[in-house]
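So the structure is just underneath, and the comments pick up after that.
Computed from the coordinates by the stated procedures, all read-outs in this text should not be read as laboratory data. The shown structure was predicted, so the numbers you read here are calculated from the model rather than taken from an experiment. Cβ atoms come from the backbone with ideal geometry, glycine included; neighbour counts cover every protein chain shown.
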């Protein structure tokens with residue numbers, strides 16, 4: 001019998017307590033930057049060709065990534081996408097294969113292509129400044145890839161630590 005009245009005793013002891021609904025919601029979870037803050041320029045545009053710059057604002061005391069990347073697709077998957085990475089040390093770009101797995105690397109000036117886009121590389125892909133790293137990708141989109149796309153950015157190191165794919169803007173492929 002005693003256990004039956006225990007909940008009433010707790011309620012009686014908490015007469016000054018507020019109902020659960022009157023508590024403010026917890027603050028949103030803060031995601032600490034692994035390498036720093038990523039962005040892309042332009043983050044709102046349209047066209048058949050475009051030069052994109054992915055910028056990493058390095059966080060003090062954080063390591064540098066091995067790769068900085070850009071994913072252009074209607075969804076956040078590398079399959080059937082224009083998905084590129086630049087090696088921060090070598091400056092060499094990689095274009096992910098149509099399947100979303102594996103990539104082709106460009107070792108000098110020239111072009112790389114998949115069914116969605118073609119990368120044109122004639123100058124430096126990576127630019128370093130005091131607290132930033134920028135990767136530049138000049139792209140030409142294939143006619144079969146037209147329509148509204150999302151721009152996602154990512155940074156990753158060789159150990160597999162990644163920022164995850166982060167939504168950074170929109171692009172209308174024409």
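Mark the label point 7 Å from the Cα of residue 89 along Cα→Cβ and return the residues of region 122-138 whose backbone N is within less than 12 Å of it. Within reach of a label on residue 89, which here means backbone N under 12 Å from a point 7 Å along Cα→Cβ, region 122-138 contributes nothing. Stretching residue 74 away from residue 174 to a fully extended chain increases their span by 34.6 nm, per 0.36 nm per residue minus the current alpha-carbon distance.
Taking label points 7 Å from Cα along the Cα-to-Cβ direction, residue 122 and residue 142 give a separation of 2.4 nm.
Take every Cα pair under 8 Å whose residues are at least 6 apart in sequence, average their separation, divide by the length of region 36-173, and the relative contact order is 30 percent.
Highest mean first, what order results for 123-136, 71-84 on Cβ atoms within 10 Å? If you can, show how the numbers build up before the last one.
Working: 123-136: 15.3, 71-84: 19.9.
Top to bottom by mean Cβ count within 10 Å: 71-84, 123-136.
Sorting the segments 138-146, 107-115, 86-94 by their mean number of nearby beta carbons within 10 angstrom, highest to lowest, gives 86-94, 138-146, 107-115.
Distance between the C-alpha centers of region 56-120 and region 140-174? Whole Å please. Rounded to whole Å, the Cα centres lie 9 Å apart. What is the calculated FRET efficiency for residue 104 to residue 45, with r their C-beta to C-beta distance and R₀ = 30 Å, to the nearest 0.05? So, using R0 = 30 Å, E works out to roughly 0.75.
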